[in-house]
Amino acid sequence: ALDPAKMGFFGRIALAATRAKRLAALQSALANLSDIAAHLMLPAPSTGEALDLGALRSQFRLLRERQVAAGSVLAYQDALETLRKSPAFEDIARQRRELNAQIAENSSRLWKDWVNLTPSRLTAAQRKDIADYAALLQLMTGQDAQAVNREVRAKARALQASVSAMFSCWAVTSLSARGKLPFEPGHFDLVVIDEASQCDIASALPLLFRAKRAVIIGDPMQLRHISAVTGGKDSDLQYKYGLVANRSAWMYSVNSLYDLGVGVAEASQVINLRDHHRSHGDIIEFSNTAFYAGKLRVATRYTALKRPLNDQPGVVWQDVRGEAVRPSGGGAQNPPEALAIVNALEDLLVRRAYRGSVGVVTPFRAQAQLIQAHVAEHPQLSRLGENAELLVDTVHRFQGDERDVMFFSPVVSNGVAPGALSFLRSNGNLFNVAITRARGLLHVVGDRNAASACGVDYLEQFAAYVSRLGDARQSEDDAPAAPTGPAYPSVSRPERVSDWEREFYRALYAVGVRPIPQFSVEQYDLDFAIIAGSRRLNVEVDGERYHRSWTGELCLRDQLRNQRLIELGWEVKRFWVYEIRDRLPECVDAVRQWVKRAEKETR
């Protein structure tokens with residue numbers, strides 16, 4: 001408004017008359033801005049007689065930008081303060097664990113009460129119908145089923161509807177549903193089909209017909225279904241009945257029920273069951289990387305595992321330089337490897353008196369039969385094997401089964417036939433099933449060098465993986481058990497240590513706190529462990545990657561981890577790297593105060 005260059009003739013006349021007054025008002029306003037500029041760390045605007053209006057405009061723009069930025073900082077600080085006053089992540093994890101335990105306890109009690117109450121609520125007529133139906137069902141599914149009188153069959157069908165209404169849930173195999181369940185559309189509200197990757201589509205259709213909705217559960221990385229229909233015959237039938245254009249996914253010579261379900265369901269209806277509860281972390285981690293793209297979250301409770309030795313890795317490789325041969329019946333055998341398996345079984349069950357369950361799995365039927373024959377030659381081993389649920393068989397027999405200790409015989413060694421390698425190469429899912437049957441220990445007996453260079457990718461990678469496990473365990477044994485000075489000590493996995501962990505360690509040590517880096521608890525490596533009397537604290541330093549994972553997967557994994565550590569009696573404190581960078585004394589004091597309280601309680 002004071003720039004004559006931007007005014008017309010009459011404007012310049014008016015300006016001349018009011019210039020002094022306007023200039024005084026501007027200078028007063030500029031003087032009032034001095035304090036604001038100082039708070040925003042900017043120089044005060046010039047208030048002299050000669051004002052540079054262009055410079056003032058630039059300065060005002062800068063003041064405005066700085067004001068907006070300051071507002072963002074204040075909003076951030078307010079949000080941060082609100083977050084600090086919120087319940088700690090660890091407290092939420094503890095509450096969640098307690099709620100889950102209460103839900104599990106309530107569910108178990110409700111189920112038991114329902115089971116106990118249901119029979120008492122049946123009328124005399126209902127009890128009679130159940131007894132009649134049970135007798136007729138045994139008759140119709142027995143060896144003489146074809147000879148059962150037509151009237152008897154009609155009576156059984158008549159009873160089906162009334163009997164099925166009395167029970168909320170029925171469990172059958174897909175091939176045994178006929179004659180046991182009413183063949184009516186939508187008779188059941190829901191059908192749940194498990195192990196769907198092994199189910200062919202045709203056999204599942206009668207089950208789907210009987211239900212209004214379906215839940216299909218399966219793992220495409222495990223055993224596939226076996227179809228008696230060839231691909232050529234399947235494609236001919238597709239063409240004959242006009243299904244090629246829009247029903248190609250129904251070709252059950254190649255697709256399982258699981259494959260079909262994934263293709264039909266919407267993306268939101270495909271749910272990944274990612275939490276793994278069966279196996280030791282060392283056992284499942286290879287499959288997690290090689291077959292599941294690292295998506296599994298290991299949540300196994302190690303206290304429930306029956307391990308022969310708790311201080312050994314979850315996977316061990318007994319190196320046996322055998323000789324692979326092709327028996328007359330086909331397949332592959334490795335006699336030295338089979339004998340080594342039997343000797344290892346004797347050591348475990350006879351000499352060490354192991355009391356868990358045991359299994360032996362191999363990709364080749366001939367090798368399984370050879371090991372079975374050797375076991376049968378040892379009466380004591382056979383007797384103890386019965387107590388240990390000893391099963392020696394191929395992978396297909398173990399689908400859906402598991403053992404505390406599994407022995408794996410790969411057979412691959414000097415002299416292995418190209419056909420055997422080709423079989424292994426094209427059936428990686430069999431290997432995945434084989435090694436994940438073990439809960440506490442996977443004991444591999446085979447030629448490690450041959451496996452490392454056999455041309456079967458997953459087997460070569462597995463041999464390297466087991467070697468790394470052994471090397472890591474040796475490094476852990478060599479690492480110091482407790483801090484020995486103010487400098488961050490040598491650890492078995494230095495590549496996992498961030499600069500801020502080292503800085504935090506030094507700061508804690510300086511105030512008398514003695515953190516133990518990379519302390520192992522079950523399958524977890526803690527950033528720091530602090531032990532004060534009977535209390536134990538896990539201190540974690542979370543980097544940017546932890547907070548910037550758009551899926552939240554790292555947070556989900558740590559929720560499982562926190563809950564498990566809390567179950568084991570640990571307390572957990574997590575610090576963001578920016579907290580350590582910006583508020584190091586406060587972070588150190590939080591840990592130091594925990595130590596003081598813990599020491600006071602244990603005196």
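What follows draws every value from the coordinates through simple rules; no lab data is involved. Worth saying up front: this structure is predicted, and the values here are computed from it rather than measured. All Cβ positions, even for glycine, are placed from backbone atoms using ideal geometry, and neighbour counts span all protein chains on display.
With labels modelled as points extended 7 Å from the Cα through the Cβ direction, what inter-label distance (nm, one decimal) is found for Ser162 paired with Arg583?
Rounded to a tenth, the inter-label distance reads 7.1 nm.
Spin-label point model (7 Å from Cα, Cβ direction): what's the Val511 to Thr303 distance in nm?
Label at Val511, label at Thr303, 3.1 nm between them.
Hey, could you grab the Kirkwood Rh for the range 494-601? Inverse mean 1/r over distinct alpha carbon pairs, Å, one decimal.
Roughly 14.4 Å, rounded to one decimal.
Tell me, in nm to one decimal, what length is gained between Ile226 and Asp35 on full extension, where the rule is 0.36 nm per residue of separation less the Cα-Cα distance?
60.5 nm
Relative contact order of the chain: what whole-number percent is it, with Cα pairs under 8 angstrom and at least 6 residues apart?
About 9 percent, as a whole number.
What FRET efficiency comes out for Ser120 versus Lys155 if R0 is 22 angstrom and r is the Cβ-Cβ distance? Round to the nearest 0.05.
Taking R0 as 22 Å, the efficiency between Ser120 and Lys155 is 0.25.
State which entries of Lys180/Lys240; Lys573/Lys600; Lys85/Lys573; Lys128/Lys212; Lys128/Lys180; Lys573/Lys596 exceed 22 angstrom in Cα-Cα distance in the structure shown.
Lys180/Lys240; Lys128/Lys212
Full-extension gain between Val192 and Ala88, please, as 0.36 nm times their residue separation minus the C-alpha to C-alpha distance.
Net length gain for the segment: 33.5 nm.
Output wanted: per-residue J couplings in Hz (rounded whole) for the range 343-349, from phi through Karplus 6.51 cos²θ - 1.76 cosθ + 1.60, θ = phi - 60°, x for Gly and Pro.
Karplus values, whole Hz, x for Gly and Pro: 4, 5, 5, 4, 4, 6, 8.
Quick one: if the Förster radius is 51 Å, what FRET efficiency do Thr602 and Asp347 give, using the C-beta to C-beta distance and rounding to 0.05?
According to the calculation, E is roughly 0.75.
Please report, in whole Å, how far the alpha carbons of the chain spread along each principal axis, starting with the longest.
For the chain, the Cα extents along the three principal axes come out at 122, 64, 58 Å.
Roughly speaking, what is the stretch gain from Asp525 to Leu80, that is 0.36 nm per residue apart minus the C-alpha to C-alpha distance, in nm to one decimal?
157.3 nm
With no solvent and one point on each alpha carbon, what is the Debye value of log10 I(q)/I(0) for the range 357-465 at q = 0.19 Å⁻¹?
Results for the range 357-465 at q = 0.19 Å⁻¹ read -0.98.
Once you place label points 7 Å from the Cα toward the Cβ at Ala376 and Ala464, how far apart are they in nm?
So the two model labels end up 4.2 nm from each other.
Suppose we take every Cα in the range 281-478 and form the convex hull; what volume per residue is that in Å³?
In the range 281-478, the Cα hull volume divided by residue count equals 120 Å³.
Hey, got the Cα dimensions of the range 124-269 along the principal axes, in Å, largest first?
For the range 124-269, the Cα extents along the three principal axes come out at 53, 37, 29 Å.
Taking a ≥ b ≥ c as the square roots of the Cα gyration tensor eigenvalues, with a/c under 1.5 meaning rounded and otherwise prolate when a/b beats b/c, else oblate, which class fits the range 205-258?
oblate
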